[in-house]
Amino acid sequence: MKLELGYIYIEDIQFGPESKVEKKTLYVNKDELISMLLEDQNLKSVSVDIAKPGESVRITPVKDVIEPRVKVSGKGNIFPGTLAKVECVGSGRTNVLKGAAVVTTGKIVGFQEGIIDMSGKGAEYTPFSKLNNLVIICEPKDEISPYAHEKALRMVGLKSAVYLGELGRGIEPDEIEVFETISIKEGIEKYPGLPRVGYVLMLQSQGLLHDTYVYGVDMKQSLTTIINPTELMDGAIISGNCVSACDKNTTYHHLNNPVIHELFKKHGTELNFVCVIITNENVYLADKERSSDWSSKLAELLGLDGVIISQEGFGNPDTDLIMNCKKIEAKGIKTVIITDEYAGRDGSSQSLADADVSANAVITGGNANQVVVLGPMDKIIGHVEVVNTVAGGFDGSLREDGSIEVELQAITGATNEMGFNKLSAR
Amino acid sequence: MVKEIERAGIHVVHICTVVPISLTVGANRIVPAIAIPYPLGNPSLDMEGEKEIRRRILNKSLEALGTEITGQTVFE
Amino acid sequence: MSKFRVVHYINQFFANVGGEEMADYKPELREGIVGPGIAFNAGFKDEAEIVATVICGDSYFNENLETAKKEVLDMISSCKPDMVICGPAFNAGRYGVACGTVAAAVIEKLNIPALTGMFIENPGADMFKTKVHIVSTKNSAAGMRDAVKIMVPLALKLAKGEEIKSSKQEGYLPNGIRVNFFEEKRGAERAVDMLVAKLEGKPFTTEFPMPDFDRVEPAKALKDINNAKIALVTSGGIVPKGNPDHIESSSASKYGKYSIANVTDLVEGEYETAHGGYDPVYSNKDPDRVLPVDVLREFEKEGKIGKLHDYFYSTVGNGTAVKNAKKYASEIAKELLADGVNAVILTST
């Protein structure tokens, strides 16, 4: 399966009478977009705003971040099974508005939406401060259930991203990158001397607004399975969850999965990147046992020599992480796990809820409990008062001068467990 | 070393002077000794006095081997 | 601004007082710089100065822990320092424990910043790494120059009360306090690099060491001691005179297995110690002081134990890498099991 990603670099974003991409600037017709989004019966109001790198802007509570993409050739369309009809994606050509993103916000759904600061200290911790963001602010109808609310927000984000992505359809990309995976048999023949490497991607699936969807399937109802890495680049996996902002994998993360990109860089030279194993993080022990049995079984069946395992969230998913690691290592397959830490504000507590000696190669995205003070911003998009109640915030987080004192936990993507960032801890 | 012997399924007691090190390295049954250069002796005593020390420490060691424990234990 | 006043703690060896034979040397306060202090003082330039050096023998310190600690602390506090440096102790176990003890006490009792350095496998490292910053050094004094390079800036930071960054950035041993910082590469790239290294069998360093689980469930009580076969094992280096297997005095690369089938007492001239980490006079004079064959024979006769195993095993614990010691022990254990040994008395010096 071969996919070309055509990167169209976006360096500015503006509102204008016509939605289009011109000279690295993304123009958005506000009214056209809003009227399309308001077709959702669950929404009372929708407004849009813009947040650019370096601006004195704070966006909160952030639900999801999505990169605009469009399928130019090849089967299927972006977000199959959720927005587009179910059809296997991951081949042909996909154009990407690189440097732009859709950010969804509005009345908080759960407790676990985050903060994106476009400048200052907070901006150092979130990768989304470097993007030209179109922010969609949605307010739900009063009687709506949290589930319908979450779904409405999720769909608004995806629709907006597809709307923007479509603007890149006829544009000649600034750069094209090619990703190709071959069949197991071809791989063995072509790279006989290279170690066979897989990627175990753990997806949050705890229910209660902590869900991830694969081709429209709620991952908590799926057994562990395999997927082509390029399928993710076309939106086969999307985020529908409200876990702590710092270590939830937004849809942007799934589209740009850093482990997949780094494995491709060494594919064919230092290793043979075979495929991605996707597994869930369910709430029942039996599910955890079954899913981790399955991931180790698949790793063995695929004849892998090594895997990277990435986690999402923390707490009981630490057990899923350790089970995956332990069972895969027990098959004689080498593992590296990526996680983050909750070592307390002073960094002295036990970082993980579970542990095992076989987890001897760990990459950490840093201590999510570290406290940071984010200075006041000129402009707030969303509802800043939620910082007192989001995970990572506390009563009094929001100070009178508009600055906020929070744990990194509250910053969207700060301690990402796919290894998206440079933040770490020792 | 103590740990590996115990891991292999042999009963073991560790006689040593610097007890905290023994605790750090993970010995389970520990009997404190006299001094680093002479864990089971004392040159300031006569032969019989020294032997008495050895008997005491070794009796303590046998006692340690025969005692049920649930975690690291120092037999003073 | 005036220079920070630094007191340096070192052992008898680094003070050039003497080797093992002087390990009982009592604490001494000397004005100015002694031994390795020269390198530190040069590194401090105009910012700090070693005003005094406290010297203490390693055996004296460890065997008289409370008294020695108090004596050393009194000497240090009499100099009114702003900062205390201990060692570095490299892989010398008793020196490491002394450095850790002094540094921790200085911080706790005198409320003065202190810093030490040692090799990661020094027992003092595990004992004190959560109480005091311990700079990670090589396993021998050959690493002095590198150690000084890391210890000088860290000492100055501590003296100034500046923020201490993560263990990786500053060079101290991970102390259980997790500190965030930005790496050069993103996590996913580090993960792939680490996996490639692991697959190739090359060394790599985990970013989060699992908590120490390497504990063994205590064995059940040994029921029938009167009939048990008991073996002696020692890390005190007792060997037949002349050290036939040439066990090294430090960082042993092997262990020895020696018959005591017809021996009732270890006597001077027939057995000696190969251990280079403690004063050998006493154990050479009477090796039973380390390996109590005489009393165990007595016990055997009295029926207190079933039988003393025909062989004893010996190695030198001094400076021996943990993984080597582990390997020797598991080989020894295998043989002992095969020989029907029920229990081991392991003596350490």
Subtracting the Cα-Cα distance of A:Gln350 and A:Phe15 from 0.36 nm times their residue separation yields 115.8 nm
Report, in debye and to the nearest 20, how large the dipole of the range A:210-353 comes out about its Cα centre when Lys and Arg carry +1 and Asp and Glu carry -1 on their Cβ.
-> 240 debye
Computed FRET efficiency, Cβ-Cβ of C:Asp339 and B:Glu63, R0 22 Å: what is it to the nearest 0.05?
-> 0.35
Treating only the Cβ atoms of Lys and Arg (+1) and Asp and Glu (-1) as charged, compute the dipole magnitude of the protein assembly as shown about its Cα centre; round to the nearest 20 debye.
-> 780 debye
Residue mean of other protein chain beta carbons inside 10 Å, C:336-347 | 6
So the FRET efficiency between A:Tyr7 and C:Glu184, C-beta based with R0 = 22 Å and rounded to 0.05, is 0.35
Out of B:Thr67, B:Gly9, B:Ile53 - ranked by how far each Cα lies towards the positive end of the dipole of chain B, with unit charges on the beta-carbon of charged residues - the top one is B:Gly9
Quickly work out the A:Val283-to-B:Glu76 label distance, labels modelled 7 Å from Cα along the C-beta direction, and quote it in nm with one decimal.
-> 5.1 nm
Efficiency of FRET between A:Ile226 and A:Val357 - r from beta-carbon atoms, R0 25 angstrom, step 0.05 = 0.35
Under a point spin-label approximation (7 Å from Cα along Cα-to-Cβ), what is the C:Glu302-C:Ile164 distance to one decimal in nm?
-> 5.1 nm
Average other protein chain Cβ within 10 Å of Cβ, residues B:30-36 | 5
For the protein assembly as shown, what are the per-bin percents of Cα-Cα distances with bins 20 Å wide, up to the bin holding the maximum?
-> 14, 36, 30, 17, 3, 0
Residues in the range A:358-401 that a label on A:Leu83 would reach, taking backbone N under 19 Å of a point 7 Å out along Cα→Cβ = none
With springs only between Cα atoms under 10 Å apart, run a GNM on chain C and tell me which of C:Leu156, C:Leu199, C:Leu337 wobbles the most.
-> C:Leu199
Restricting attention to the range C:204-304, which GluC sites (Glu not before Pro) occupy a DSSP loop and are surrounded by at most 14 other Cβ atoms within 10 Å?
-> C:Glu270
In whole Hz, the Karplus estimates of ³J(HN,Hα) for the range A:391-399 (6.51, -1.76, 1.60; θ = phi - 60°; x where Gly or Pro) are 4, x, x, 7, 4, x, 4, 7, 8
Kindly write out, for the range C:144-157 in residue order, the coupling ³J(HN,Hα) from the Karplus curve 6.51 cos²θ - 1.76 cosθ + 1.60 (θ = phi - 60°), rounded to whole Hz, with x marking Gly and Pro.
-> 4, 4, 5, 4, 4, 4, 8, 6, 4, x, 5, 4, 5, 4
Going down the table (A:Lys159/A:Lys379; A:Lys2/A:Lys185; C:Lys138/C:Lys160; A:Lys185/C:Lys198; A:Lys98/A:Lys159; C:Lys109/C:Lys129), which pairs top 20 Å between alpha carbons?
-> A:Lys159/A:Lys379; C:Lys138/C:Lys160; A:Lys185/C:Lys198
Inter-part gap, Cα centre of the range C:192-260 to Cα centre of the range B:30-56, in whole angstrom, is 26 Å
Per residue of chain A, what 222 nm ellipticity follows from adding -39500 (n - 2.57) for every DSSP H run with n ≥ 4, rounded to the nearest 500?
-> -6000 deg cm²/dmol
What residues qualify as long-range amide H neighbours of B:Thr73, i.e. H under 5 Å apart, gap of 5 or more or another chain, H built at 1.01 Å from N?
-> B:Arg29, B:Ile30
State, to one decimal in nm², a quarter of the convex hull surface area for the C-alpha atoms of chain C, i.e. the direction-averaged projected area.
-> 21.1 nm²
Using mean Cβ contacts within 10 Å as the protection proxy, how do B:34-44, A:332-342 order, highest first?
-> A:332-342, B:34-44
For the residue pair C:Asp310 and A:Glu180, what label-to-label distance in nm results when each label sits 7 Å from Cα along the Cα-to-beta-carbon direction?
-> 7.0 nm
Contact order normalised by residue count of the range A:2-410, Cα under 8 Å, 6+ apart, percent | 18 percent
Which whole-Hz couplings ³J(HN,Hα) result when phi for each residue of the range C:258-267 is put into the Karplus expression 6.51 cos²θ - 1.76 cosθ + 1.60, θ = phi - 60°, listed in order with x for Gly and Pro?
-> 10, 6, 10, 3, 10, 9, 10, 7, 8, 10
Counting only the backbone N, which residues of the range A:409-426 are under 13 Å from the spot 7 Å out from the Cα of A:Lys265 toward its beta-carbon?
-> A:419-422
Mean other chain Cβ within 10 Å across A:195-204 is 1
Which one of C:Gly37, C:Asn262, B:Ile30 is farthest out on the positive end of the charge dipole of the protein assembly as shown, using unit charges on Cβ (Lys, Arg +1; Asp, Glu -1) and the Cα centre as origin?
-> C:Asn262
Magnitude of the Cβ-charge dipole of chain C, K/R +1 and D/E -1, about the Cα centre, nearest 20 debye?
-> 1020 debye
If you count the DSSP beta bridges with both ends in chain A, what percent of them are antiparallel, to the nearest 5?
-> 45 percent
What is the extension gain from A:Thr389 to A:Glu39, computed as 0.36 nm multiplied by their sequence separation minus the C-alpha to C-alpha distance, in nm to one decimal?
-> 122.9 nm
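None of the figures in this text is laboratory data; all of them are computed from the coordinates on show. Predicted model, so just to flag it, every value in this text is computed and none were measured. Ideal geometry is used to build each Cβ from the backbone, glycine not excepted, and the neighbour counts take in all protein chains shown.
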